[in-house]
Amino acid sequence: MTRARRSRTALICYQRAMPPSLLLHPWRWPSALKAAIFGTAIAALLWASLAPGEDVPGLARFWDKAEHAIAYLTITALGLALYPTRCRRLVGAMLVLGAGIEVLQATMGFGRDGDWRDMLANIIGVAVAAALAVILRRRP
């Protein structure tokens, strides 16, 4: 067998043996894995938002409104990557979650206070993630 033929054969065998990369296609992941990842992210967001103020670690405190926008942008982008066919439902759920957390912060007495500016930052984060998803889907 010539060297060129051997390398071509190895390449063909390698391509047949390797399944498509699932890391690049999160919407193809098993439903249980997607639910576990997104559920863990939501749980972390709920804990960071509703835990008593002194229990939340302050690793690198940044401007509070930017933290809200970045958190909701990240979790919405994660949800849109995992569930691309449920864009409207996911964006609506994230908006309701952001508003609900602010209402809960305003009504509970754990050193947290709800703020309409935080809710606006949450909305901005969700909107930016949704806009990025629309732009990335329309690209050729």
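Read the figures in this text as sums done on the coordinates, not as results from a lab. Quantities reported herein were computed from a predicted structural model and do not represent experimental measurements. Cβ: placed from backbone, ideal geometry, glycine included. Neighbour counts: every protein chain shown.
Which ³J(HN,Hα) values, rounded to whole Hz and listed in residue order, are derived for the stretch 129-136 from phi using the Karplus coefficients 6.51, -1.76 and 1.60 in 6.51 cos²θ - 1.76 cosθ + 1.60 with θ = phi - 60°, glycine and proline given as x?
For the stretch 129-136, the Karplus curve yields 4, 5, 5, 5, 5, 5, 5, 5 Hz.
To the nearest 20 Debye, how big is the dipole of the stretch 27-126 about its Cα centre, given +1 on the beta carbon of each Lys and Arg and -1 on that of each Asp and Glu?
Details: 9 positive and 8 negative charges, 132 e Å.
In total the dipole reaches around 640 debye.
Any chance you could run the full-extension gain for V128 through A43? It's 0.36 nm times the residue separation minus the Cα-Cα distance, nm to one decimal.
On the way: separation 85, 0.36 × 85 = 30.60 nm, distance 2.17 nm.
Length gained between V128 and A43: 28.4 nm.
Rank by packing, highest mean first: peptides 113-125, 34-46, with packing defined as the count of other Cβ atoms within 10 Å averaged across residues. All intermediate terms of the calculation are to be shown ahead of the outcome.
Working: 113-125: 17.2, 34-46: 14.0.
Ranked from most to least packed, the peptides come out as 113-125, 34-46.
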